[in-house]
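The values are calculated or read from the model by the stated rules, or taken from the named source; none is laboratory data. If you're wondering where the values come from, they're calculated on a predicted model, not measured in any experiment. Note that we place each Cβ from the backbone using ideal geometry, even for glycine, and neighbour counts take in every protein chain shown.
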Amino acid sequence: MKYAYLKIAFAYIGVIIGAGLSSGQDLLQYFLGFGKLGLIGVFLLGILNAVFGKIMVTLGSYYRAYNHEMVFSEITHPVLSKLLDVVLNIGSFCMGFVMLAGAGSNLNQQFGIAPWLGALICSVLIVIVAFFDFEKITGVLGIFTPIMIVMIMLITVYSFLTGSHDMEALDASARTVKPVMGNVWLSVINYYALCAMSGVSMAFILGGSLVRIDTAEKGGLIGGILIGIIIMAASVSLFLNIDYVRDSEMPMLKIVSDIHPAFSLLYAVTVFALIFNTAFSLFYSIARRFSGSSTKRMRIIMIFVVLIGYAFSFGGFSQLIGIMYPVLGYMGTLLLIVLVTAWCRERRNIVFEKFSRRKMIRILLKMLDPDRNVTRKEKEIFNNLSNVSPAETESLKKDLHEFAVHVFESADDLKTFSKKELTVDDDKLKHQYKLILSFFHLEDTRKFQSAEQ
C-alpha cells in the first residue's frame with residue numbers, strides 16, 4: 001500500500017502505451033515527418049500525458065468511478081455525456097479488435113505463429129485475467145512497464161552510439177516521411193486525443209479503485225510523466241536512425257533486431273504484453289460500463305465482447321477504422337475540453353474531498369485504538385463528511401474502514417503516519433468548512449479540528 005501510486009502509474013502506462021511502440025509508425029508519421037520540429041511536438045505530447053494523466057485518474061478517485069459513465073454524468077451535460085459514452089464504447093470496441101489483430105501479427109512476425117492463433121491466444125488471456133480481482137488485474141497491467149522503460153532506454157543509448165549525429169541531414173531525411181496531419185501542433189492534439197479516448201475509461205476505473213485522492217493524483221502524474229519519457233526516448237531513437245528505418249513497416253523492431261537476437265525476443269514478448277494491456281483495458285471498460293456493480297455480469301459481458309472482437313479481427317475492417325479514427329480524434333478533442341473544464345470547476349471540491357477523506361481516516365484510526373476515545377462530535381463529523389462526498393456513502397465508509405484497518409495493523413507508529421500521510425490544511429478549506437458546518441447546523445470549526453488531535 002505504501003507504493004500504491006507506483007502500481008497505478010505502471011498500470012496506467014501499460015494502458016496508454018499499448019501497441020504504439022510495437023512498430024513506431026505512429027511516432028514516425030505523426031511527428032518525425034516534421035523533422036526536428038516533430039521532437040518538440042513529442043515533448044508537448046509528454047506534457048499533455050502528465051497533465052491529463054493526473055486529471056483522469058484523480059477524477060476517477062474523486063467520484064469512486066466503476067465506469068466512465070459515472071464520471072461523465074457528473075461533469076458534463078446529459079446529452080454530451082451520452083454522446084461521449086456512445087463514442088467511447090464504439091471506439092473501444094473498434095480499437096480492441098484491432099489490438100487483437102495486432103497481437104496475431106506480432107506473434108506471426110516474431111515466432112511464425114498463425115495470425116488467427118496469435119489473436120486467439122491474446123483473447124483467451126484477456127478472458128482469463130477478467131476473472132482476477134481488480135488488485136491483481138492492476139498488477140498484471142503494470143508488470144511489463146518497468147521492462148519496457150529499461151528496454152527503451154537501452155535502445156536510445158544504442159541509437160546515440162550507432163546512429164547519425166548530423167542534425168541537418170537527419171532533419172532533411174525525416175521530412176521525406178509524409179506526415180498524416182497538416183502541421184505538428186495539430187498532430188500533438190489529434191494524437192493525444194486518440195490516446196485519451198483509448199485510455200480514459202480505464203484511467204477512471206484505476207482511479208476509482210483508490211480511496212485516497214492524493215494517491216490517485218500522484219499515480220496519474222507519475223504515469224503520465226513516464227509515458228512522456230518513453231515516447232520521447234523512442235522518438236529520439238527513431239530520429240537518429242531515420243535513414244535506416246523510415247521505409248520500414250516496423251521501425252522500432254528493426255532497430256531492436258540489430259542489437260541482439262535475445263533482446264529482440266524479449267522486446268517482442270513485451271510488445272505482445274503491451275498489446276494485451278491495451279486490448280484488455282478496452283474490452284474491460286466496455287464490460288464494466290454495462291454490468292452495473294455485478295462482477296458476474298461483467299465477466300459474462302467480457303467473454304461475449306471478446307468473442308465478437310476476435311471474429312472482427314479476422315477482417316481488419318480497414319474502411320470502418322478509416323472512418324472511426326478521425327471521429328475518435330475529434331471526439332477526443334472534445335473529451336479533453338470536457339476534462340479540463342471539469343477539473344477547473346471541481347478543483348476546489350477535489351481538494352476539500354481529499355482532506356475530508358484524510359480526516360475520516362484519522363477518526364477511524366482513533367476508533368480502532370483501544371486506548372483512545374472517539375467523541376460523539378467526531379462521529380458526527382465522520383457521518384457529515386461521508387454524506388456530502390460525491391462518492392456513494394456506504395461504499396466510501398466501507399473502503400475507508402478497510403484502509404484504516406490495514407494502516408492500524410501495519411503502521412509502526414500511527415502518530416507518525418498520520419502526521420506524514422494524513423495532514424490537513426484547514427486554512428485552505430476554511431470556506432468549504434463553513435458551508436458544511438452551515439449545512440449540518442454544526443456550531444464551529446473546532447469540531448473539525450478536534451478530530452485532528
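Is it true that some residue in the range 283-299 is at pLDDT below 80 and among the aliphatic types (A, V, I, L, M)? Checked the range 283-299: no residue is at pLDDT below 80 and among the aliphatic types (A, V, I, L, M). For the structure I just gave you, tell me whether L32 is closer than 30 Å to G182 by Cα and touching a His at 6+ places or on another chain (Cβ under 7 Å). The answer is no for L32. Let me confirm something: among F132, F160, which residue is surrounded by fewer than 22 Cβ atoms within 10 Å (Cβ to Cβ) and outside any helix (DSSP H, G or I)? When all the criteria are applied, what remains is F132.
Just to be sure I understand, how many residues within the range 200-218 are assigned to a helix (DSSP H, G or I) and in contact with a Gly (Cβ under 8 Å, 6 or more places away or on another chain)? Matching residues across the range 200-218 total 7. Scanning the range 340-384 for residues that are surrounded by fewer than 18 Cβ atoms within 10 Å (Cβ to Cβ), among the basic types (K, R) and under 26 Å from F204 (Cα atoms) yields R345, R347, R348.
Candidates F134, F144, F160: the one that is among the aromatic types (F, W, Y), touching a Gly at 6+ places or on another chain (Cβ under 7 Å) and either within 30 Å of V211 (Cα to Cα) or at pLDDT below 90 (or both) is F144. So is I321 closer than 30 Å to A233 by Cβ and modelled with pLDDT of 85 or more or not? Taking the combined requirement at face value, the residue does not satisfy it. Restricting attention to the range 163-186, report how many residues are of a type in the set (S, T, N, Q) and loosely packed, with under 12 Cβ neighbours inside 10 Å. Looking only at that region, the number is 1.
Condition check ((1) more than 25 Å from the chain's Cα centre (by Cα); (2) closer than 30 Å to N67 by Cα; (3) part of a helix (DSSP H, G or I)) across all residues:
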| position | (1), (2), (3) |
| --- | --- |
| M232 | no, no, yes |
| D247 | yes, no, no |
| K254 | yes, no, yes |
| S257 | yes, no, yes |
| L265 | yes, no, yes |
| T270 | no, yes, yes |
| L274 | no, yes, yes |
| S281 | no, yes, yes |
| Y284 | no, yes, yes |
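Among the residues of the range 141-176, just one is under 12 Å from I259 (Cβ atoms) and among the aromatic types (F, W, Y), namely Y158.
Looking at the range 108-118, which of the residues that are part of a loop (DSSP other than H, G, I, E, B) and small (G, A, S) is surrounded by the most Cβ atoms within 10 Å (Cβ to Cβ)? That would be A114. Candidates in the range 194-241 are the residues that are closer than 30 Å to D166 by Cβ and either among the polar types (S, T, N, Q) or not assigned by TED's automatic domain parsing to the domain that holds G24 (or both); of these, the one that is surrounded by the most Cβ atoms within 10 Å (Cβ to Cβ) is S237.
Just to verify a result, which residue in the range 38-82, among those that are of a type in the set (K, R) and in contact with a helix residue (DSSP H, G or I) (Cβ under 8 Å, 6 or more places away or on another chain), is farthest from V236 (Cα to Cα)? Across the range 38-82, the extreme among qualifying residues is R64. Count of the range 300-315 residues, restricted to those that are outside any helix (DSSP H, G or I) and among the β-branched types (V, I, T), is 0. Restricting I121, I126 to those that are within 23 Å of S92 (Cα to Cα) and either surrounded by fewer than 18 Cβ atoms within 10 Å (Cβ to Cβ) or touching a Pro at 6+ places or on another chain (Cβ under 7 Å) (or both) reduces the list to I121.
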